[in-house]
Each structure stands twice: as structure tokens, then as C-alpha cells.
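Written out below as C-alpha cells is the structure these notes cover.
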Amino acid sequence: MVSNHSAVSADLVHLATVLATRYGERFKGIISPEHGFLGSEREGQPVGNSTDPMTGRPVYSWYGEKQNVDERWLQDIDTIFYDIQDGGVRFHTYLSTLRAVMESAAKKSISLVVLDRPDPITGDIVEGNVSKSTSIVGAWTVPIRYGLTVGEFALLLNQEEHLNLDLKVIPMKGWKRSMWYDETGLPWVPISPNTPSLTTSTLYPGTCLFEGTALSVGRGTTIPFELLGAPWVDGRWLQDEVNAIKLPGARARWVFFTPNFNKYAGEVCQGVQIHVTDRNAVRPTHVSVYILSLLVKRYGCEKVFGEEGRHFDTLAGDKDLRKRICDKEDPGQITSSWNPDISVYEERINGVKLYADHR
């Protein structure tokens, strides 16, 4: 199986236990993604191989010193189960794990079974630019908020990468694209150590872009990706400027916070908390482009992006977004320019959608 801590049933039984009970010694082992099989490791931290404490099976880490699938892990394997709760956002590295496993399985003629899970931020809203390149934080050329379940994403990847993989997606029962995760009746399991809540996931498509800036996104606090700030930001000014724009579904509140780790650890930061007032109306990628534009106009491009500009370009999928923000292009024009590519993308995914498409 390819899995982590999130692979639990509605009554919180882990898939590893299910497979060990059902298949006995035929269940050979586990491949884990970033954060490790137990979901306990920090972002970007290489994870070594280990043993599953529940079943005693070996755990092979895809997120080691190199991110790859060792062919020895798949020796004498005929079927792989994939079960990881994804966030519906291009930046999650779990999608890169999925792609690597799909490519390896296709080469070795191994069947892959994806146990589908909800897109926690709905499957009927698509937003953000369509990336022009791939990376560990952009497994495929899709929008930032790509509007698919992980099973549908696998179908798209198999089709567009021409893998000819023996792929089977086990669909959910009762899920509709308009559902938010808290409408499914399923227990919330944090997607990663810094995704503690559905609110985090809701804002993540936009605020994750700030990982490629000189601002903190609140890592090292209890509400990561809801906070944006730095010791040099005037939070009251930023609050007033953001709220004057009247962005749909979002309000900003002036805050002070002190991260325990990551950027500005131990330093008092000033900035804003983004509050979601209407989750169906808010477009977090748009919110973030507007905030970045405000910050660049006041503090300058070099101050805002600092040494993180290259990482921003990786997250954005190209250099275009940072250049346009630094050129002080109108943020509304930037976000509206994404629409033609999104329309093409929506045509691309028509054939892989497995669930009802209405509210």
C-alpha cells in the first residue's frame, strides 16, 4: 500500500490493519509520502525507512534523501493500494508520490487500486493558474485548486501521460462535488502536521504561495496558512487595505503572532489573519494575489520575495506570476487572465469525473 496516517475508515480503522487482516502474509509492505507514514515529520524533512507499529510491515519512505520509488520495493508485487487523503491543491506533494508510484507500477505491469476520498474543499470550484511545468509541488499541469478527487486525478494522469497503467479507482458512495469535507459525515484527520483544520485547507490554495516570499504563513503557530506577516509588516495598514477591496468571502484582521519554528521563529510578527466569511464565494488564490500586490507596492519586490523568489516560481509553475506582480499589473487582470486556461482544463477533465456535478 501507498499510504499514511490519513488512511482510516469512517470508524477510524486504518487500512494497514484491514489489509493485514484480509491478506495476511500476502500484504508485503508500505510506501510512505512526505511527513512519513505516521504523519509526524516536519515539512521538507527527509524521512527514513521504518516499520509499521500496527502490523510490523516494512515502511519504505518515498520522501527520503531522494524522492523516488526503489524498484526493490516492488519485487514480486502484483497489486498496489493507494490511500492518502489529499487536499485538492496542486502544492501537496502527495500527488507527486502518486505520480511516481503510477509510473513505476506501469513500467513493472503492476495493478494500482486507488481508494478514492473526498476533495475536502469541494470538487466544483477550480481556481488559480494552470502550471506550465511540473515539480514536487506541482505533479501535473493543473490549476492550483484543481477540483478533482485523488482518484479522478489519477485517471487524468494515466490518460494524459499515456501510462497505460492497469488502474482501478474505487469510488465513494454518496459524495457530490459541491460537498465540503464537514458535510460528508466523515471524521477529519489532519492532512499533514500543518493542516490542522478545514479552514487551513480552504485558504491553502492561496496562502501557500506566501511560502515563496519573505513573509511567515504562520507555521509554528496554531493556525498556519491563516496568518500572513513579518516583523516589518504594518498589519493595521494591511488589514485596512485588504478590507477596502471587499474581496468576496474574506476579511482581514490585524494580528501579532510569534512563530515557534520556521520563518521568524521567536520573533514577533505583525500582519493579518484571513477570515473566511463565505467559503463558497472566497477564492483564496485571488485573495493572495491582491495581498501580494499591496505588499509589493508598499515594500518593493525585493523585500517581499527576498531570497524565496525561486521557490515562489516553483509553486506558481512559472516565473510569469511573480513578474506580473512585481511589474505592478492590476491584480484583477492577473486573475482574470487565468480563465482561458481554466476553460481548457475543464474540458480536459470532463472524461474523468466520477461524481455528480451540481449543487
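The values are calculated or read from the model by the stated rules, or taken from the named source; none is laboratory data. Remember, predicted model here, so these are calculated numbers, not experimental data. Reconstructed Cβ throughout: ideal geometry from the backbone, glycine too, with neighbour counts over all protein chains shown.
Within segment 307-355, track down each residue that is on the phi < 0 side of the Ramachandran plot, surrounded by fewer than 13 Cβ atoms within 10 Å (Cβ to Cβ) and not in a helix (DSSP H, G or I). Selection gives D327, D330.
Okay, residues lined up against (1) farther than 23 Å from E41 by Cα; (2) buried (at least 23 other Cβ atoms within 10 Å of the Cβ); (3) among the charged types (D, E, K, R):
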| residue | (1), (2), (3) |
| --- | --- |
| N158 | yes, no, no |
| L163 | yes, no, no |
| V169 | yes, no, no |
| F210 | no, yes, no |
| D240 | yes, no, yes |
| V255 | yes, no, no |
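Of the residues making up segment 42-61, those that are touching a residue at least 40 places away in the same chain (Cβ under 8 Å) and either among the aromatic types (F, W, Y) or under 24 Å from V13 (Cα atoms) (or both) are M54, R57.
Report yes if some residue within segment 207-221 is among the aromatic types (F, W, Y) and farther than 27 Å from V142 by Cβ; otherwise report no. Within segment 207-221, none of the residues are among the aromatic types (F, W, Y) and farther than 27 Å from V142 by Cβ.
Here is the figure for segment 1-34: residues that are charged (D, E, K, R) and either touching a Ser or Thr at 6+ places or on another chain (Cβ under 7 Å) or not assigned by TED's automatic domain parsing to the domain that holds L115 (or both) total 1. The set of residues in segment 214-251 being in a strand (DSSP E or B), of a type in the set (G, A, S) and within 23 Å of the chain's Cα centre (by Cα) consists of S216, G229, A250. Selection of segment 133-184 for residues being touching a strand residue (DSSP E or B) at 6+ places or on another chain (Cβ under 8 Å), aromatic (F, W, Y) and either under 21 Å from E34 (Cβ atoms) or assigned to a loop (DSSP other than H, G, I, E, B) (or both) yields Y146, Y181. P187 meets all of the listed conditions (1) assigned by TED's automatic domain parsing to the domain that holds E307; (2) on the phi < 0 side of the Ramachandran plot but one, namely (1).
Scanning segment 252-302 for residues that are among the charged types (D, E, K, R), in contact with a strand residue (DSSP E or B) (Cβ under 9 Å, 6 or more places away or on another chain) and under 29 Å from K323 (Cβ atoms) turns up K263, R283.
Condition test on R90, is it under 30 Å from Y345 (Cβ atoms) and either surrounded by fewer than 15 Cβ atoms within 10 Å (Cβ to Cβ) or not assigned by TED's automatic domain parsing to the domain that holds T314 (or both)? When the stated conditions are applied, R90 passes them. How about segment 262-303: which of its residues are surrounded by fewer than 16 Cβ atoms within 10 Å (Cβ to Cβ) and in contact with a Lys or Arg (Cβ under 7 Å, 6 or more places away or on another chain)? Listed by number, the residues that qualify are H275, T277, K297.
Checking each residue in segment 136-162 for being under 22 Å from V282 (Cβ atoms) and not aliphatic (A, V, I, L, M) picks out P143, R145, Y146, G147, T149.
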